[in-house]
Amino acid sequence: MKNLVIMSLVLILSHCGYSSIYKNQQSLDFQLNLIETKGDFEMNNLIKNEIKLYSNKNSLYIYNIKMNTDYKKKVLTKNSSGVITDYNLSVATVFSVNFNNKNRSFKFEENINIKNQTDIFEQNTYEKDIKRNFAFLIKEKLISAILTINDN
């Protein structure tokens, strides 16, 4: 029964015109220049590195971007002895994009609730992985937003 459902899903999705919105992004041709960054230093660097990997330095289509990030780590719950058990990690990023004298602003937010781990090294590694994932997701959202500038 499980195989029948999977097969049906594959057949339906393969014939309905479905395609990922990020499918052709790597073939797009534009340069993203971060001209100003404010806010959380580590998040800014992670997002900047993600953008550099995507940007085409030889493109004629140049987007000048200002970025402001706000990263927060909030305590959600503590146990009866006062030890923190849960955190909320969140980042809000505001981009101001200038292309052909058109200014557009975009705000993207990501957050996740995590459990506190007893091993500090593991906790820090996990948080760094989450920050890298946040940076990747924000870059993907920025690219999609920039594509809408071209459509208008």
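The accessible surface of the range 72-137, taken with every protein chain in place and a 1.4 Å probe, is 49 percent carbon and sulfur. Note that the range 91-152 shows a convex hull volume over its alpha carbon atoms of 74 Å³ per residue. For the range 55-152, what is the accessible area per residue in Å², given a 1.4 Å probe and the full set of protein chains? Result: 61 Å² per residue.
The phi-based Karplus calculation (6.51 cos²θ - 1.76 cosθ + 1.60; θ = phi - 60°) puts the 3J(HN,Hα) values of the range 61-68 at 8, 10, 10, 9, 10, 10, 10, 9 Hz, whole numbers, x for Gly and Pro. In the structure shown, do any of 107/128; 57/115; 115/141; 48/73; 52/73 have a Cα-Cα gap over 32 Å, and if so which? From the list (107/128; 57/115; 115/141; 48/73; 52/73), the Cα-Cα distance tops 32 Å for 57/115.
Per-residue 3J(HN,Hα) values for the range 31-42, derived from phi via the Karplus relation 6.51 cos²θ - 1.76 cosθ + 1.60 with θ = phi - 60°, read 10, 10, 10, 7, 9, 7, 10, 9, x, 5, 4, 5 Hz in sequence order (x marks Gly and Pro). The modelled label-to-label distance between residue 127 and residue 73, using points 7 Å beyond Cα along the C-beta direction, is 0.0 nm.
The values are calculated or read from the model by the stated rules, or taken from the named source; none is laboratory data. Here the structure is a predicted model, which is why all the values come from computation and not from measurement. Note that each Cβ is placed from the backbone with ideal geometry, even for glycine, and that neighbours are counted across all protein chains shown. Accessible surface is based on the protein model in full, side chains and every heavy atom, while ligands, DNA and RNA are left aside. Shrake-Rupley method; radii C 1.70, N 1.55, O 1.52, S 1.80 Å.
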